[in-house]
Amino acid sequence: MSDLTRLTAAELADKIHTGEVSAAETTQAHLDRIAAVDGDVHAFLHVDAEGALEAARTVDAAVAAGERPASPLAGVPLALKDVLTTKGVPTTCGSKTLEGWLPPYDATVTRRLREAGVPILGKTNMDEFAMGSSTENSAYGPTRNPWDLDRIPGGSGGGSSASLAAYEAPLAIGTDTGGSIRQPAAVTATVGVKPTYGGVSRYGLVAFSSSLDQAGPCGRTVLDAALLHEVIAGHDPMDATSVDAPVPAVVDAAREGARGDLSGVTVGVVREFSGEGYQGGVLRSFETAVAQLKELGAEVVEVSCPHFTYALPAYYLIAPSECSSNLARFDAMRYGLRVADDGSHSAEEVMSLTREEGFGAEVKRRVMLGTYALSSGYYDAYYGSAQKVRTLITRDFAAAFEQVDVLVSPTTPVTPFKLGEKVDDPLAMYLNDICSIPANLAGNAAMSVPSGLSDEDGLPVGLQIMAPALADDRLYRVGAAYEAARGPVLDKLGELEAAK
Amino acid sequence: MTTTVELMDYAEVVERYDPVLGLEVHVELSTNTKMFCGCPNSFGGDPNTHVCPVCLGMPGALPVVNGTAVESAIRIGLALNCDIAEWCRFARKNYFYPDMPKNFQTSQYDEPIAFDGHIDVVLDDGEVVRVDIERAHMEEDTGKSLHVGGATGRIHGAEHSLLDYNRAGVPLIEIVTKPITGMGERAPEVARAYVTALRDLLRAMDVSDVRMDQGSLRCDANVSLMPKGASEFGTRTETKNVNSLRSVERAVRHEMTRHAAILADGGSIKQETRHFQEADGTTAAGRTKETAEDYRYFPEPDLVPIAPTREWVEQLRGTIPEMPWERRKRIQDDWNLTDEELRDLVNTGAIDLVAATVDAGASQADARSWWVQYLNQQATSRDTELADVAITPAQVARVIELVGSGELTNKLARQVVDGVLDGEGDPDQVIEKRGLKVVSDDSALLAAVDEALAAQPDVADKIRGGKVQAAGAIVGAVMKATKGQADAARVRELILERVGA
Ligand SMILES: [Zn+2]
């Protein structure tokens, strides 16, 4: 039954709930696939076969007893980014400092998945503490892009996107602080959604940048992402920044969009996201996508968001500032790595030496940047100015959304690059997120949906759709319509594999 | 470690310098749960039993503000005549210390919930001093470190340290005064009176245990001196570890005499944190930091701003009880007390007890007499606070009632109270068990009187001869014979009746 790994989550759910296949065999098929290919891909840091099969058997027992499934996704297995806590199951955040740590509690997202009967296959690889765009910053080695094992799968959630593209899992959870769901989705030809800030609880999401972090659904289709979105979203009293509002009807929106009619929808093309730094094939793919949206009946207009140009520098002040504080707790006192505790070092020295050994270069770089940006005498010039830019970007979005229902742009300026290509050039690496960061700064919803392969290198390109806060359903309507018109992209990976 | 510090004579200090005080008081709120999580907020407990992922700063855990703590903060602000912010945020105060689980303290920085208030403080002689309040803000407490080994009990030189996070995340309100100037020689007394007033206020509001000995009320005293007549403040020191009201006064006084000696000698004060030493009333320098701590404050992104509606604030204003000192003033007027009588009441902590005893039916004079005198002595000899002695105001009122009706003499009444304090039951049960009822049966008393008169015929003659005061000897004999259970006044009457005087 290896075919099970080629089905969408919606198809699998249907078969499991009608008893055509069992959740256990579905889960086992994916575990087998992981065993077969993950040596090459390295999407997973930890595989929890027993836990996943046990959850699957519970679903099967319920189906056999004629009970209603716990959720529309009950029995469909999933890959969970290793930045969300799982009680008693390792959670490393891709960092050496948390090697061996067994969290005493489940993240709210984890809990909701368990309650929904979703078997968790394991924890996926990521850039350390979600800082990076390639997973090369993982302390446990990089993940490779199934489209080309010498290329990056995006980051920080490269493990989650690669697990989908490699058919190791039909669903995955990512987290997106500056593009960590959308950029990996774009470069692996999968779907990734950053919900409205506060739409999905952050409780148990190990914080990188609290005001930007947002967990979200990843899948191979827009409908699958929508189904997962509804499982994990909703108000959580454990997260003060969680939005206390009904979850947008994203599944309905995806189904409506799939009918292929976008008449009455106004789409804005962001003028600032083109030109220098954008690969020709990416821009051509984007133009084709815009033309397809028109064919679907959408009205397309160009809009200007002048302050988006400052999004990247503002992000690289706010995110490091918050991370310098969020990561202060990794001090060897209560959990995680502890070095130099040999009786000859003071507590302060143990803290300092542990942090020196436990954190990788990129994490240290950002902690130092943030510490500097928050220091007395520099705060106003750096953190304060960045917050002002953030307000201006939010206003740009507000003005644009007075004219249009959604905004579109390429998700990333370039197709996936080679491992090692940008690892010594942080600024080049940071530019990967130039299109995705504004939505994080403003707290909007945004999606990346595959928009074919670049005509110059045959590598995946993503179309980014952005919607106002709490209007996540618009992403799914437009995304599903475009997906239906564009046709599957990931299938070409199968053709490529077959051709090898 | 001990170095002899020259101190200036206090009279000379206040002749040459003007002290400036700044008092920072931390109050642990007595909410059921901690500031940002659902763990119980209670003193003590086995180490690390009142903890959860949130207050341990576990990766991924997030804070949620305790609404009751915000309510208490607003009420405290209102009681201190502060403005209440329409919109304010928490901030992170970043520094590394092992007893702080996140290595930042969630506090308020430039947006306190309450600001610009004042409190009127009554000194021992009745003078009223207004202390201006800069701000009152919310924050969380840290855990506790126990440093094992080493001489000082501090982290420096310890062999190892133990950490208890039960206190981590307990809600705190920090109340900061504006500089208190112009107090002259009374500055130490003002400091004590201010902290006393705060304690009484917070106790009356039932928002904190305000136990300085347990750390639920902590005072840091900032002290500086400037030459008489100057207007520019001198360099200050901040004295911590001040664990009683008396220590507040001693610490301020000590710092004044220490500063003055250094300044008079041409030296300069080092801005530093000092620790009060209870044993000898001096202060010792804390560990000096080579560089000023930069806390890198920024708004706490895990919490949303707090915007108390004006309706809510006004509703809370209605819950502020009468200020303790206003209540005292009212009681003084109602009961027609002299300043001295009022001071006795306040100093013994008897005011609420007397009021409750009056409410239970006793006259205020009797109630006051019992609590301020006999019961206060008993509290002292039993080494307990007056409020903690094992008798209720209602029981005291019952004893007073029995004395009033003549069923108990004062002497017997004290024995009844002793019985209650010893746990023998309520007053009536003690009377029953100990057989302490007054002998009010005249025939029984007459027999005793006759017997006593017969035993001392010369005294009987003296009384008959008009020396009425000689009856005292017979009264004494009768009281002895009845084991004190007779009413002495009645015995006297019977004696006079018997001898026909
Ligand atoms: Zn707790």
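The values are calculated or read from the model by the stated rules, or taken from the named source; none is laboratory data. Please read all numbers here as calculations on a predicted model, not as lab measurements. For neighbour counting, all protein chains shown are included, and Cβ atoms are generated from backbone atoms with ideal geometry for every residue, glycine included. The protein model used for the area step is the full one, side chains on, heavy atoms only, and it has no ligands, DNA or RNA in it. Shrake-Rupley method; radii C 1.70, N 1.55, O 1.52, S 1.80 Å.
Remarks
- When its C-alpha radius of gyration is set against 2.2 N^0.38 Å (N residues), region B:324-434 gives a value of 1.04.
- Label separation (residue B:284 vs residue B:319): 4.4 nm, computed from points 7 Å beyond Cα along the C-beta direction.
- Within the accessible area of region B:442-499, the carbon and sulfur atoms contribute 54%, probe 1.4 Å, all protein chains present.
- For region B:10-316, the carbon plus sulfur part of the accessible surface works out to 46%, probe radius 1.4 Å.
- Taking amide H atoms as placed 1.01 Å from N in the peptide plane, the amide H of residue A:21 lies under 5 Å from those of A:16, each 5 or more residues away in sequence or on another chain.
- Under 5 Å from the amide H of residue A:124 lie the amide H atoms of A:45, A:80, A:81, A:82, each residue being 5 or more positions distant or on a separate chain, with H modelled from the backbone and absent for Pro and chain starts.
- When each of B:270/B:329; A:81/A:418; B:411/B:467; B:102/B:240 is checked by Cα-Cα distance, pairs over 32 Å: B:270/B:329
- Normalised contact order of region B:53-139, rounded percent, pairs of Cα under 8 Å and 6 or more residues apart: 28
- The charge dipole of the protein assembly as shown, taken about the Cα centre with unit charges on the Cβ atoms of Lys, Arg (+1) and Asp, Glu (-1), comes to about 420 debye, rounded to the nearest 20.
- For region B:35-67, residues shielded by at least 40 square angstrom of accessible area compared with the chain on its own, probe 1.4 Å: B:53, B:58, B:59, B:60, B:62, B:64
- Portion, in percent, of the accessible area of region B:324-434 that falls on carbon or sulfur, probe 1.4 Å: 41
- The HN-Hα couplings worked out from phi for region A:244-254 by the Karplus form 6.51 cos²θ - 1.76 cosθ + 1.60 (θ = phi - 60°) are 8, 8, x, 6, x, 7, 6, 5, 4, 5, 5 Hz, whole numbers, x standing for Gly and Pro.
- Estimated buried accessible area (total), pair B and A, 1.4 Å, Å² to nearest 100: 2800
- The ellipsoid equivalent to the alpha-carbon distribution of chain B has semi-axes of 57, 28, 23 angstrom, derived from the gyration tensor eigenvalues as √(5λ) and listed largest first.
- Unit charges on C-beta of K, R, D, E only; dipole of region B:324-434, Debye: 120
- The overall shape of region A:360-500 is oblate: from the C-alpha gyration tensor, with semi-axes ordered a ≥ b ≥ c, the ratio a/c is 1.5 or greater and a/b is no larger than b/c.
- Listing of region A:69-116 residues, each with accessible area lower by at least 40 Å² in the full protein assembly than in the chain alone (probe 1.4 Å): A:105
- Cβ-placed point charges (K, R +1; D, E -1), dipole of region B:10-316 about Cα centre in debye, nearest 20: 600
- In sequence order, calculated HN-Hα J values of region B:486-496 (Karplus, 6.51, -1.76, 1.60; Hz; x Gly/Pro): 9, 8, 4, 5, 5, 4, 4, 4, 5, 4, 4
- Gyration tensor verdict on the protein assembly as shown (Cα atoms; rounded if a/c is under 1.5, prolate if a/b is larger than b/c, oblate otherwise): prolate
- Relative contact order [Cα under 8 Å, 6+ residues apart], region A:350-465, whole percent: 24
- Take the protein assembly as shown with all the other protein chains still there, run a 1.4 Å probe, and you get 40 Å² of accessible area per residue.
- Residue order for B:8, A:466 - accessible surface, 1.4 angstrom probe, largest first: B:8, A:466
- The mean sequence separation of alpha-carbon pairs under 8 Å and at least six residues apart, normalised by the residue count of chain B, gives a relative contact order of 14 percent.
- Highest-first arrangement of A:78-89, B:14-25, where packing means the average Cβ count within 10 Å: A:78-89, B:14-25
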